[in-house]
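> Take this structure first; my questions come after.
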């Protein structure tokens, strides 16, 4: 299963979240670090949902870029 994650630059590195998994967030000093950390956070979160008998959320988000006049 794959989930969209949104990565944002911060003053101290990067932060990430997934619109499909509310409350699941992560941070890192580099893009690579935050991506790895977010993957681990999602896996941990989904394991917890399974253990508690909750449904695993489906991925429904997508991202795109649009061009606008500057």
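> Would you calculate, for the chain, the mean residue ellipticity at 222 nm contributed by helices, counting each DSSP H stretch of 4 or more residues as -39,500 (n - 2.57) and dividing by all residues, to the nearest 500?
-10500 deg cm²/dmol
> Could you give the length gained by full extension between residue 54 and residue 29, i.e. 0.36 nm per residue of separation minus their alpha carbon distance, to one decimal place?
That works out to 5.8 nm of additional length.
> Another question about this same structure. Inverting the mean 1/r over all pairs of different Cα atoms, compute the Kirkwood radius of the chain and quote it in Å.
Mean inverse Cα-Cα distance, inverted, gives 13.2 Å.
> Another question, if that's okay. In degrees, nearest 10, range 0 to 90: what is the angle between the Cα axis of helix 31-51 and the longest Cα principal axis of the chain?
Here the helix axis deviates by roughly 30 degrees.
> Now for a separate question. Please rank 1, 38, fewest neighbouring Cβ atoms within 10 Å first, as an exposure proxy.
Listing 1, 38 from fewest to most nearby Cβ atoms yields 1, 38.
> If you don't mind, there's one more thing I want to ask. Exposure proxy check: 10, 27 ranked by fewest other beta carbons within 10 Å?
Sorted ascending by nearby Cβ count, the order is 10, 27.
> Let me ask something else about it. What ranking of 66, 42 emerges when the number of other C-beta atoms within 10 Å of each C-beta is taken as an exposure proxy, fewest first?
Listed from fewest to most nearby Cβ atoms, that is 66, 42.
> Okay, which of the stretch 50-70 sit inside 16 Å, backbone N to the point 7 Å along the Cα-Cβ direction of residue 8?
In the stretch 50-70, the label zone of residue 8 (backbone N under 16 Å from the point 7 Å along Cα→Cβ) covers no residue.
> Relative contact order (percent) for the chain, with alpha-carbon contacts under 8 angstrom and 6 or more residues of separation?
This gives 27 percent for the chain.
Laboratory data are not the source of any read-out in this text; all were calculated from the coordinates shown. Predicted, not measured: the structure shown is a model, and the values here were computed from it. Cβ sites come from the backbone with ideal geometry, for glycine too, and all protein chains shown count toward neighbours.
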